[in-house]
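Participant: Structure provided below as structure tokens; questions to follow.
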Amino acid sequence: MVNRALQGFLTATYGDEVWAEVRSQAGLSCDDFEAMLSYPDAMTSACFHAAAHVLHKDHGTLLEDFGIWLVTERHLEPLRRLLRFSGAHFEDFLYALEDLDERGRLVLPELDLPRITVAQADGGRFVIDAAWSLPGVGAILTGCLRAMADDYGTLAFVSLGAIADNGNERLEVQLFDAAYSKGRRFELGQVRA
């Protein structure tokens with residue numbers, strides 16, 4: 001699913017020609033990724049590195065843009081809705097990140113999602129550690145969290161930190177104002193008259 005999402009991000013944002021060049025530089029033998037097939041991590045890494053090279057972007061910046069796209073792309077609205085089921089407030093959403101891996105495996109048992117731990121520090125600050133089979137999850141998560149803060153209408157500063165002592169990628173989230181703006185509309189179900 002990650003490979004298919006990366007292909008979707010690159011074609012929707014930069015066009016088919018860029019995707020063709022990324023495929024060529026990554027040495028892919030297929031034209032398209034299938035969402036329900038598994039691919040080697042090395043192939044996924046090769047695609048991300050090729051995309052950064054083709055687009056002349058820093059690897060971390062590309063991954064962060066990809067994270068934002070995952071949450072804001074119109075045709076991926078079901079993912080946004082799934083994430084919004086985590087709570088009525090952005091702080092609830094942050095705590096629910098620890099259950100993301102297990103919730104994903106309920107839907108697709110073979111799905112490999114990052115394992116996330118969340119700790120609240122002083123003054124509205126959260127420390128988030130993420131571990132995944134591929135490097136770069138911290139940058140992807142940074143983009144997702146920035147987009148979700150906007151979705152909730154929360155003013156927050158999300159930064160990617162250093163690698164934690166246990167090897168996990170670490171982020172810090174500083175909450176400033178939980179009701180900074182209206183946020184995007186979200187309902188659990190349709191209201192019937």
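Participant: Which of (1) over 21 Å from residue 136 (Cβ atoms); (2) open to solvent by 60 Å² or more (accessible area, probe 1.4 Å); (3) not polar (S, T, N, Q) does residue 56 not meet, given it meets every other one?
Facilitator: (1)
Participant: Still on this model: Residue 20: modelled with pLDDT under 85 and among the hydrophobic types (A, V, I, L, M, F, W, C), yes or no? Let's see the steps before the verdict.
Facilitator: Values: modelled with pLDDT under 85: no; among the hydrophobic types (A, V, I, L, M, F, W, C): yes.
For residue 20, the condition - modelled with pLDDT under 85 and among the hydrophobic types (A, V, I, L, M, F, W, C) - is not met.
Participant: Of all residues in the range 114-163, how many are part of a loop (DSSP other than H, G, I, E, B), surrounded by fewer than 17 Cβ atoms within 10 Å (Cβ to Cβ) and either free of Cβ contacts under 8 Å to residues at least 60 places away in the same chain or not polar (S, T, N, Q) (or both)? Before you say what the answer is, go through the steps one by one.
Facilitator: Of the range 114-163, the ones part of a loop (DSSP other than H, G, I, E, B) are 114, 121-124, 132-136, 153-154.
Add one more test, that the residue is surrounded by fewer than 17 Cβ atoms within 10 Å (Cβ to Cβ), and what stays is 121-124, 133-135, 153.
Of the ones still in play, those that are also either free of Cβ contacts under 8 Å to residues at least 60 places away in the same chain or not polar (S, T, N, Q) (or both) are 121-124, 134-135, 153.
Adding up the residues that qualify gives 7.
Participant: Quick one: count up the residues across the range 140-177 that are more than 16 Å from residue 95 (Cβ to Cβ) and among the aromatic types (Phe, Trp, Tyr).
Facilitator: Qualifying residue count, the range 140-177: 2.
Participant: Do we find that residue 84 is open to solvent by less than 10 Å² (accessible area, probe 1.4 Å) and modelled with pLDDT under 90 in this structure? Spell out how you get there, then give the answer.
Facilitator: Working: open to solvent by less than 10 Å² (accessible area, probe 1.4 Å): no; modelled with pLDDT under 90: yes.
Spelling it out, it is not the case that residue 84 is open to solvent by less than 10 Å² (accessible area, probe 1.4 Å) and modelled with pLDDT under 90.
Participant: Within the range 65-88, identify whether any single residue is over 15 Å from the mean Cα position of the chain (by Cα) and among the aromatic types (Phe, Trp, Tyr), and answer yes or no.
Facilitator: Looking through the range 65-88, at least one residue is over 15 Å from the mean Cα position of the chain (by Cα) and among the aromatic types (Phe, Trp, Tyr).
Participant: Here is a list of conditions, (1) under 14 Å from the mean Cα position of the chain (by Cα); (2) surrounded by fewer than 19 Cβ atoms within 10 Å (Cβ to Cβ), and residue 39 meets all of them except one; can you say which number that is?
Facilitator: Here residue 39 meets the rest and fails (1).
Participant: Does the range 86-99 hold any residues that are under 20 Å from residue 178 (Cα atoms), free of Cβ contacts under 8 Å to residues at least 60 places away in the same chain and in a helix (DSSP H, G or I), and which are they? Spell out the reasoning first.
Facilitator: So the first thing to find is which residues in the range 86-99 are under 20 Å from residue 178 (Cα atoms), and the list is 86-97.
Add one more test, that the residue is free of Cβ contacts under 8 Å to residues at least 60 places away in the same chain, and what stays is 86-88, 92-93, 95-97.
Passing the criteria: 92, 93, 95, 96, 97.
Participant: Filter the range 1-17 down to the residues that are open to solvent by less than 60 Å² (accessible area, probe 1.4 Å) and either assigned to a loop (DSSP other than H, G, I, E, B) or touching a strand residue (DSSP E or B) at 6+ places or on another chain (Cβ under 9 Å) (or both) and list them by number. Talk me through it step by step, then tell me what you get.
Facilitator: Within the range 1-17, the first condition is being open to solvent by less than 60 Å² (accessible area, probe 1.4 Å), and the residues that meet it are 2-3, 5-11, 15.
Within the range 1-17, 15 is the sole residue that qualifies.
The values are calculated or read from the model by the stated rules, or taken from the named source; none is laboratory data. All values derive from a computational prediction rather than experimental measurement. Because the Cβ atoms are built from the backbone with ideal geometry, glycine has one as well, and the counts that use them run over all protein chains shown. The area values use the complete protein model at the heavy-atom level, side chains included, leaving out ligands, DNA and RNA. Shrake-Rupley method; radii C 1.70, N 1.55, O 1.52, S 1.80 Å.
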